[in-house]
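Before any comments, here is the structure.
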There are 2 protein chains.
Amino acid sequence: MTERNMLKYIIKLGGGENINREAFVRDLKNLDGLYLVIHGANFARGEIGKKMGYEVKTITSPQGYTSVRTEKEGMDIFMMAYAGLMNKRLVEMAQMNGINAIGLTGIDGGLIKGRRKKAIKAKSDDGRIKIIRDDMSGKSTQVNVDLLESLLDQGYVPFICPPILSEEGEALNTENNNIAATMIHQIPGVNTIIDLFEAPGLLKDVNKPKSLIRNLDKNKLEEAERRFTAGRMGRKMLAVREAFTHGVKRVIFADGRVDMPLTRALRGEGTIIE
Amino acid sequence: MTERNMLKYIIKLGGGENINREAFVRDLKNLDGLYLVIHGANFARGEIGKKMGYEVKTITSPQGYTSVRTEKEGMDIFMMAYAGLMNKRLVEMAQMNGINAIGLTGIDGGLIKGRRKKAIKAKSDDGRIKIIRDDMSGKSTQVNVDLLESLLDQGYVPFICPPILSEEGEALNTENNNIAATMIHQIPGVNTIIDLFEAPGLLKDVNKPKSLIRNLDKNKLEEAERRFTAGRMGRKMLAVREAFTHGVKRVIFADGRVDMPLTRALRGEGTIIE
């Protein structure tokens, strides 16, 4: 990638019900550098599943963490929600705003490769530990940087979502935090991560929107991690610390429900870690 | 595109229930040149729609032709079935067979652009003609040849499906015959079109599988068109005649339900027009 064509921003867009996707897409034009978008679709997945009579199942680890269970039918619905409805509606919104978006999942052209979790320990309702061997989820390990660079060089804006590709060519569910971490690890020069979700930013007390933490010193992340161990935020904090070890200069957590979410995030209305 | 990297085959894969997609993907490795795949998903769309309590609606033209009606909810389900489930399952099957497939719709990177039909005449049940103005369907007019060439040059195999992109950036439903015709018109050097569907090929009598027409002279297409005026086959025949005016050397209609469907098609087991 030439200096001019260096990827500056990785933007994560949450898949929650109240994310203002039209406002997000309109605001993309205010960014001053190349970017790509990694998006979720968890609310859409739940809604489609419900309408089709399929309930999203979860796995509880022996330590008590819960994650989504992905069997074959679950992966069908995952593909419909992520690669189908959400990815294409976002690409359409972008195109209507003059942004030449190209929607890709991790399996397309082997964009994001990873490893399937071949044995997952899970706690049954009766407390016994069982091993699940047919789950289609995994961890990303590799980005097809050549494909990304080629698309960015040609002026396209990648809109990316799972599934990712296993070593055997299977489609796998994975976390977007995980995809972002692998990208930061393998794409040189990424300056800023912006993570938009359904909260004003990082909160001292998750029940109090006014307890927003405006700034966090990247050298004090270990301490912060201890406070945010709960589920999703805990995983986000871990990803942040890793990002800084790979040269990222700034991570912003901000509100994806508002107008001009990116402009506000960059202006300091969320949580800036640097 | 360099001579070496010339697109040789355009393959259309039907969206019917009984298409043998695994056999199709396995057979791709037997092709002796570059190719791309345009696929349908009409059966999957119907099934997903049914499960979600949405019935695919049709429009009857004043001349009596029927086509699919695409309103907003219909487009949601269209995206889930085509771009989501079918495109990604095909890409996954290809990847499992060592083919570096990349799944794209016409809206991604403006791959296929077209015009929305802004006023469609339709016959109501009571026989009166009404004008439909909010239908999200259209006709393709333009292919992003640069994007296709760049992907083919890098060794990817494009798996393409609708929607396509309107001039205003909207997602539009269109016929795959239409996409194929636009490609043939704009991509130089395409040699062969293979069209796989749920029949042994072109039949003299649609109810008699043994009435297969093995060969058809491309100079006698007008005559053949008069025999095949009914709906889908009529539109296919029209597309064939156009293909030959743009330099295509051979069009093959063949059975997509069998093992090794491409090998058999090229061996002459369907209908070869040349």
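The values are calculated or read from the model by the stated rules, or taken from the named source; none is laboratory data. All values reported here derive from a predicted model rather than from experimental measurement. Neighbour counts run over all protein chains shown; Cβ positions are idealised from the backbone, glycine included. Just the protein is used for accessible areas: all its heavy atoms, side chains included, with ligands, DNA and RNA removed. Shrake-Rupley method; radii C 1.70, N 1.55, O 1.52, S 1.80 Å.
Filter region A:145-183 down to the residues that are of a type outside the set (Ser, Thr, Tyr), assigned to a loop (DSSP other than H, G, I, E, B) and within 22 Å of residue A:134 (Cα to Cα), then identify the one that is modelled with the lowest pLDDT. Spell out how you get there, then give the answer.
Narrowing region A:145-183 to residues of a type outside the set (Ser, Thr, Tyr): A:145-149, A:151-155, A:157-165, A:167-173, A:175-181, A:183.
Now narrow it down to the ones that are assigned to a loop (DSSP other than H, G, I, E, B): A:154-155, A:162-163, A:167-170, A:175.
Within this subset, residues satisfying the condition of being within 22 Å of residue A:134 (Cα to Cα) are A:162-163, A:167-170, A:175.
Numbers: A:162: 98, A:163: 98, A:167: 95, A:168: 96, A:169: 97, A:170: 97, A:175: 91.
Per the criteria, the residue is A:175.
Which ones in region A:224-265 are at positive phi and modelled with pLDDT under 85? Give the steps one after another, and end with the answer.
Looking only at region A:224-265, we keep the residues that are at positive phi, and these are A:231, A:247, A:260.
Residue satisfying the conditions is A:231 alone.
Considering only residues of region A:118-133 that are under 16 Å from residue A:65 (Cα atoms) and of a type in the set (Lys, Arg), which is surrounded by the most Cβ atoms within 10 Å (Cβ to Cβ)?
A:123
If residue A:149 passes every condition in (1) touching a residue at least 12 places away in the same chain (Cβ under 8 Å); (2) more than 25 Å from residue A:15 (Cα to Cα); (3) surrounded by fewer than 16 Cβ atoms within 10 Å (Cβ to Cβ) but one, which one does it miss?
(3)
Against the definition (more than 7 Å from chain A (Cβ to nearest Cβ), under 21 Å from the mean Cα position of the chain (by Cα), surrounded by fewer than 22 Cβ atoms within 10 Å (Cβ to Cβ) and not aromatic (Phe, Trp, Tyr)), how does residue B:114 come out, yes or no? I'd like the intermediate steps shown before the answer.
Values: more than 7 Å from chain A (Cβ to nearest Cβ): yes; under 21 Å from the mean Cα position of the chain (by Cα): yes; surrounded by fewer than 22 Cβ atoms within 10 Å (Cβ to Cβ): no; not aromatic (Phe, Trp, Tyr): yes.
Answer is no for this residue.
For region A:66-111, which residues satisfy the criterion of being among the small types (Gly, Ala, Ser), more than 7 Å from chain B (Cβ to nearest Cβ) and in a strand (DSSP E or B)?
A:67, A:101
For region B:48-57, how many residues are more than 10 Å from every other protein chain (Cβ to nearest Cβ) and either modelled with pLDDT of 90 or more or under 19 Å from residue B:161 (Cβ atoms) (or both)?
Adding up the residues that qualify gives 2.
Return only the number of the condition from (1) farther than 17 Å from residue A:81 by Cα; (2) modelled with pLDDT of 95 or more; (3) aliphatic (A, V, I, L, M); (4) open to solvent by 10 Å² or more (accessible area, probe 1.4 Å) that residue B:86 does not satisfy.
Result: residue B:86 passes all but (1).
Might you let me know whether region A:202-216 holds any residue that is in contact (Cβ under 8 Å) with a residue 24 or more places away in the chain, surrounded by 22 or more Cβ atoms within 10 Å (Cβ to Cβ) and not charged (D, E, K, R)?
Taking region A:202-216 first, the residues in contact (Cβ under 8 Å) with a residue 24 or more places away in the chain are A:202, A:206, A:212-216.
Restricting the remaining residues to those that are surrounded by 22 or more Cβ atoms within 10 Å (Cβ to Cβ) gives A:202.
Narrowing the set further to residues that are not charged (D, E, K, R) leaves A:202.
Yes.
Output the residues belonging to region B:241-274 that are touching a residue at least 40 places away in the same chain (Cβ under 8 Å), in a helix (DSSP H, G or I) and farther than 23 Å from residue B:20 by Cβ. Outline the logic, then answer.
First pass over region B:241-274, keeping only residues touching a residue at least 40 places away in the same chain (Cβ under 8 Å): B:242-243, B:246-263, B:265-266, B:268-274.
Filter again for in a helix (DSSP H, G or I), leaving B:242-243, B:261-263, B:265-266.
The answer is B:242, B:243.
Among the candidates B:5, B:18, which residue alone is modelled with pLDDT under 95, at negative phi and either hydroxyl-bearing (Ser, Thr, Tyr) or surrounded by fewer than 20 Cβ atoms within 10 Å (Cβ to Cβ) (or both)? It would help to see each step written out before you state the result.
Values: B:18 fails: modelled with pLDDT under 95.
Step by step, each of B:5, B:18 is checked, and only B:5 is modelled with pLDDT under 95, at negative phi and either hydroxyl-bearing (Ser, Thr, Tyr) or surrounded by fewer than 20 Cβ atoms within 10 Å (Cβ to Cβ) (or both).
If we scan region B:127-140, do we find a residue that is in contact with a Pro (Cβ under 8 Å, 6 or more places away or on another chain) and more than 13 Å from chain A (Cβ to nearest Cβ)?
Checking region B:127-140: at least one residue is in contact with a Pro (Cβ under 8 Å, 6 or more places away or on another chain) and more than 13 Å from chain A (Cβ to nearest Cβ).
Would you point out the residue of region A:31-75, among those that are buried (at least 22 other Cβ atoms within 10 Å of the Cβ) and without any contact (Cβ under 8 Å) to a residue 40 or more places away in the chain, that is nearest to residue A:150 (Cα to Cα)?
Among those that are buried (at least 22 other Cβ atoms within 10 Å of the Cβ) and without any contact (Cβ under 8 Å) to a residue 40 or more places away in the chain, it is A:45.
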